[in-house]
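**Student:** Take a look at this one; I'll ask things after.
The values are calculated or read from the model by the stated rules, or taken from the named source; none is laboratory data. Just so it is clear, the model here is predicted, and its values are computed rather than measured. Cβ coordinates were reconstructed from backbone atoms using ideal geometry, including for glycine residues, and neighbour counts include every protein chain displayed. Side chains included, ligands, DNA and RNA excluded: accessible areas come from the protein's heavy atoms. Shrake-Rupley method; radii C 1.70, N 1.55, O 1.52, S 1.80 Å.
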Amino acid sequence: MKSYGIKYLLILMMLLAFSASGCGEEAQVKVSDTRFAMDTFVKIDAYSEQPGAARLAVDDALQTFQQIALLTDRFSDGGPGSLYEANSRAADTPVHVAPQLAKLLAWLEQRQDTQLDITIAPVVDLWQTARSQNTLPAPAKLQAALSHTGKAQYHFDTAAQTLKYHDAAVKLDLGSVAKGYAVDAAAATLKKHPDVTCALINAGGNIKAVGNKPGKMPWRVAVQHPRDPEAFLGTVLLTDGQAAATSGDYQRYYEVDGVRYHHLLDAQTGQPSRLHQSVTVIAPSALEADYHSTLFFLLPTPEIKNRLTAAKDLAVVIVENDGSIFVSENLQQTWQPAKGR
């Protein structure tokens with residue numbers, strides 16, 4: 001799943017239309033820095049009257065992002081309390097996890113969506129092996145991998161902040177939420193620096209606004225066309241605190257006999273979900289956007305519409321398999337389709 005492996009969301013592009021003066025004030029300077037983390041480029045553009053202070057703030061925020069990346073990476077040793085340690089030892093004994101990881105796991109404990117399964121790592125690994133051989137997983141092996149998934153396979157003790165796995169083959173994969181969680185943490189770090197008047201964080205398409213853009217206007221970002229890497233479908237607006245993320249079938253995939261197999265896996269079947277080409281979610285936090293873009297990619301459009309009725313703070317742009325586009329009602333006034341679309 002986007003998730004479940006590595007969610008590469010180079011699908012939202014910033015429109016670089018920033019002015020030299022910024023955030024409603026004169027003499028604002030833009031300070032930018034880019035790092036590589038979570039297998040993508042993380043860029044922060046921050047505005048301030050004090051560029052030196054802003055550089056320190058951006059560096060601080062990027063370090064925060066990298067700390068989350070280490071704690072939530074199941075492939076690299078992030079040290080004591082990391083997901084790597086839990087995946088290595090939690091089948092034998094409860095593992096005390098770091099506070100930042102515990103906070104994310106506690107948030108996930110409140111979600112009851114079985115379609116988004118953070119235990120799907122064994123299935124993801126099977127598909128990654130098949131991809132390296134340009135073949136498909138054997139059905140028997142796929143069913144065996146699925147038998148090690150599901151929320152009942154582990155227990156997170158929120159009070160003790162410990163993880164315990166009930167099966168030696170269980171592995172958690174937080175790729176569906178870790179990037180959004182890290183973006184929110186980086187944004188919180190930026191807000192601790194009063195010299196930063198506004199900023200935009202872009203972690204491979206997971207985008208979050210800190211304040212409104214120069215001129216006190218919303219930030220306009222573009223949603224990439226899922227079948228044309230050189231084009232975009234249209235643009236959406238982000239205001240202070242809002243975030244956007246996209247899940248699509250076009251960043252991580254390979255073909256066997258002309259059929260596309262991507263990394264967004266249905267937790268019930270272990271197969272790539274084929275309901276949509278892409279789903280973009282705008283939400284009050286990067287974590288919510290990240291989570292729901294994965295979840296909604298796995299759900300049929302009628303169910304997504306039903307959920308939006310209750311979740312008024314979420315908005316979506318869905319590209320269906322036939323190329324048609326659904327834009328939720330709360331985006332109708334601000335969605336701007338690209339020319340010719």
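**Student:** What are the residues in the stretch 312-331 that are part of a helix (DSSP H, G or I) and open to solvent by less than 90 Å² (accessible area, probe 1.4 Å), if any?
**Tutor:** Hits for the stretch 312-331 are Asn330, Leu331.
**Student:** Can you tell me which residues in the stretch 218-228 are touching a residue at least 12 places away in the same chain (Cβ under 8 Å), within 25 Å of Leu275 (Cβ to Cβ) and either in a strand (DSSP E or B) or open to solvent by 40 Å² or more (accessible area, probe 1.4 Å) (or both)?
**Tutor:** Within the stretch 218-228, Val221, Ala222, Val223, Gln224, Arg227 meet the criteria.
**Student:** Would you confirm whether any residue within the stretch 199-209 is more than 27 Å from Leu264 (Cβ to Cβ) and touching a helix residue (DSSP H, G or I) at 6+ places or on another chain (Cβ under 6 Å)? Explain how you work it out, then say what you get.
**Tutor:** Of all residues in the stretch 199-209, those more than 27 Å from Leu264 (Cβ to Cβ) come to 199.
Filter again for touching a helix residue (DSSP H, G or I) at 6+ places or on another chain (Cβ under 6 Å), leaving 199.
Yes - at least one qualifying residue is present in the stretch 199-209.
**Student:** Please determine, by comparing only the residues of the stretch 86-98 that are polar (S, T, N, Q) and out of contact with any Lys or Arg (no Cβ under 6 Å at 6 or more places or on another chain), which one is least open to solvent (accessible area, probe 1.4 Å).
**Tutor:** Thr93
**Student:** Got a sec? Which of Thr301, Thr309, Thr334 is surrounded by fewer than 19 Cβ atoms within 10 Å (Cβ to Cβ), of a type in the set (Val, Ile, Thr) and touching a Leu at 6+ places or on another chain (Cβ under 7 Å)?
**Tutor:** Values: Thr301 fails: touching a Leu at 6+ places or on another chain (Cβ under 7 Å); Thr309 fails: touching a Leu at 6+ places or on another chain (Cβ under 7 Å).
Only one candidate passes the filter, namely Thr334.
**Student:** So which of Leu101, Leu83 is touching a Gly at 6+ places or on another chain (Cβ under 7 Å), modelled with pLDDT of 95 or more, open to solvent by less than 10 Å² (accessible area, probe 1.4 Å) and among the aliphatic types (A, V, I, L, M)?
**Tutor:** Among Leu101, Leu83, only Leu101 is touching a Gly at 6+ places or on another chain (Cβ under 7 Å), modelled with pLDDT of 95 or more, open to solvent by less than 10 Å² (accessible area, probe 1.4 Å) and among the aliphatic types (A, V, I, L, M).
**Student:** So which residues in the stretch 117-135 are surrounded by 18 or more Cβ atoms within 10 Å (Cβ to Cβ) and out of contact with any Phe, Trp or Tyr (no Cβ under 6 Å at 6 or more places or on another chain), if there are any at all?
**Tutor:** Asp117, Ile118, Thr119, Ala121, Pro122, Val123, Leu126, Trp127, Ala130
**Student:** Being in contact with a helix residue (DSSP H, G or I) (Cβ under 9 Å, 6 or more places away or on another chain), over 30 Å from Glu255 (Cβ atoms) and not hydroxyl-bearing (Ser, Thr, Tyr) narrows it down to one of Ala102, Ala121, Ala46, so name that one.
**Tutor:** Selected residue: Ala46, the only one of Ala102, Ala121, Ala46 that is in contact with a helix residue (DSSP H, G or I) (Cβ under 9 Å, 6 or more places away or on another chain), over 30 Å from Glu255 (Cβ atoms) and not hydroxyl-bearing (Ser, Thr, Tyr).
**Student:** Looking at the stretch 22-47 only, could you name the residues that are closer than 21 Å to Met217 by Cβ, at pLDDT below 95 and open to solvent by less than 80 Å² (accessible area, probe 1.4 Å)?
**Tutor:** Within the stretch 22-47, Gly22, Cys23, Gly24, Ala27, Gln28, Val29 meet the criteria.
**Student:** Regarding Asp228, is this residue closer than 30 Å to Lys339 by Cα and under 22 Å from the mean Cα position of the chain (by Cα)?
**Tutor:** The answer is yes for Asp228.
**Student:** Considering only residues that are open to solvent by less than 20 Å² (accessible area, probe 1.4 Å), modelled with pLDDT under 95, out of contact with any helix residue (DSSP H, G or I) (no Cβ under 7 Å at 6 or more places or on another chain) and farther than 17 Å from Val316 by Cβ, which ones fall in the stretch 230-280?
**Tutor:** Ala231, His262, Ala267, Pro272
**Student:** Also, I was wondering about something else. Of the residues Leu190, Leu174, Leu126, only one is within 23 Å of the chain's Cα centre (by Cα) and under 29 Å from Ser48 (Cβ atoms); which? Show your work before the answer.
**Tutor:** Values: Leu174 fails: under 29 Å from Ser48 (Cβ atoms); Leu126 fails: under 29 Å from Ser48 (Cβ atoms).
Sole residue among the options that is within 23 Å of the chain's Cα centre (by Cα) and under 29 Å from Ser48 (Cβ atoms): Leu190.
**Student:** Take the stretch 180-207 and flag every residue that is touching a Ser or Thr at 6+ places or on another chain (Cβ under 7 Å), farther than 22 Å from Asp39 by Cα and open to solvent by 30 Å² or more (accessible area, probe 1.4 Å).
**Tutor:** Asp195, Thr197
**Student:** Also: Restricting attention to the stretch 68-80, which residues are surrounded by 13 or more Cβ atoms within 10 Å (Cβ to Cβ), without any contact (Cβ under 8 Å) to a residue 24 or more places away in the chain and small (Gly, Ala, Ser)?
**Tutor:** Residue satisfying the conditions is Gly78 alone.
**Student:** Quick check: is even one residue across the stretch 314-335 of a type in the set (D, E, K, R), within 19 Å of the chain's Cα centre (by Cα) and on the phi < 0 side of the Ramachandran plot? So that I can check it myself, show each step before the final result.
**Tutor:** Within the stretch 314-335, the first condition is being of a type in the set (D, E, K, R), and the residues that meet it are 320, 322, 329.
Now drop any that are not within 19 Å of the chain's Cα centre (by Cα), which leaves none.
No, the stretch 314-335 contains no residue that is of a type in the set (D, E, K, R), within 19 Å of the chain's Cα centre (by Cα) and on the phi < 0 side of the Ramachandran plot.
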